[in-house]
Structures are given as C-alpha cells and as structure tokens.
Amino acid sequence: MVLSSRISVNVIRPCFLVIDNQFPGSISTRKLVIETALLNVVTAYSAEEAIQTLTRFPNVDGIVLDSEVQGMSCRQLIDRLRAIRREIPIVTVSPSGYDACGGEQYHCSSYDPQELLAQLRKICPAETWERAADGQQA
C-alpha cells in the first residue's frame, strides 16, 4: 500500500527572482539586500538561466533585473519573461544616468539598496512586509 500525502504551506514572505550580471560563484549584493529585508530570493546569472528559472518557479512575486545581464538585451529578456508570465512585476536596475529598458513597471536608476526596497514595496502589500518582518506564515 502506497500512501501519498501533500503538505500545503502558504508562506507570507514574498519571493523574487533576481537576475544579476555577477558570476554564479559570487554573492549577489541585490540578493543580500532583499534577503536582509526577510524576503525570499531565487537567483539567475544570465538571460537563459533566468528564462529557465522563471519556467521552473512561475509563482515568484516579482523580478529584479540588472539591465546589463548577459545573453541578450534587457528589453529582449523582459519580452521573453512576459511570454512565460505576462503580468509579473519587473523592476530593472541600472547605473545612474541610464534609461529604463522598456516593458518594466519599475526602474531604479542607481544601485541604492533603499531605492530597490522601495520599488519592491510597491509590488507587495504593506501587511506582507509586516508579517515577513515578524516571521509569520499564513
């Protein structure tokens, strides 16, 4: 007799796909910033890896995309990600003085951690952030 059980846990902490241009063996500073805010992170280090990761984890709450990601232009990658999940919120991050890629909802024109977290707060409701800070689950 084979018994099968499912455990369903709704985690309150939002999860973001961080697409970074750093080497896979390095530690992403954006990942650290987001995790320090007690949010969950899945990372990808190239355009192709990002597409594969979103395919595997389509229920992430949003995407943080470095505008200089390897493998294709930022705009092309946004279009490919939207083909997987049309409504997903995307925040692009670029050096100061650079324009947005196009197609994203939010843009940080600097690498300031506070600006990034401010953009992520626009994606998730305030009560979600409060529960994440308290370590609560649904």
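Structure values in brief
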quantity	calculated
Karplus-derived 3J(HN,Hα), 6.51/-1.76/1.60, for each residue of region 51-56, Hz, glycine and proline x	4, 5, 5, 5, 5, 6
Residues whose placed amide H lies under 5 Å from that of Cys108, excluding near-sequence neighbours	Thr92, Val93, Ser94
Rg in Å to one decimal, and Dmax rounded to a whole Å, for region 15-129 via C-alpha atoms	12.7, 37
Size of electric dipole in region 15-129: Cβ of Lys, Arg +1 and of Asp, Glu -1, about Cα centre, debye, nearest 20	280
Cβ-Cβ FRET estimate between Glu48 and Gln114, R0 fixed at 30 Å, reported to 0.05	0.45
Kirkwood Rh and Cα Rg combined as Rg over Rh, evaluated for region 39-93	0.90
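Quick note: the coordinates plus some simple rules give every number you see, no bench work behind them. Everything quoted here is computed from the prediction, not taken from an experiment. Counting neighbours? That spans all protein chains shown, and the Cβs are built from the backbone with ideal geometry, glycine included.
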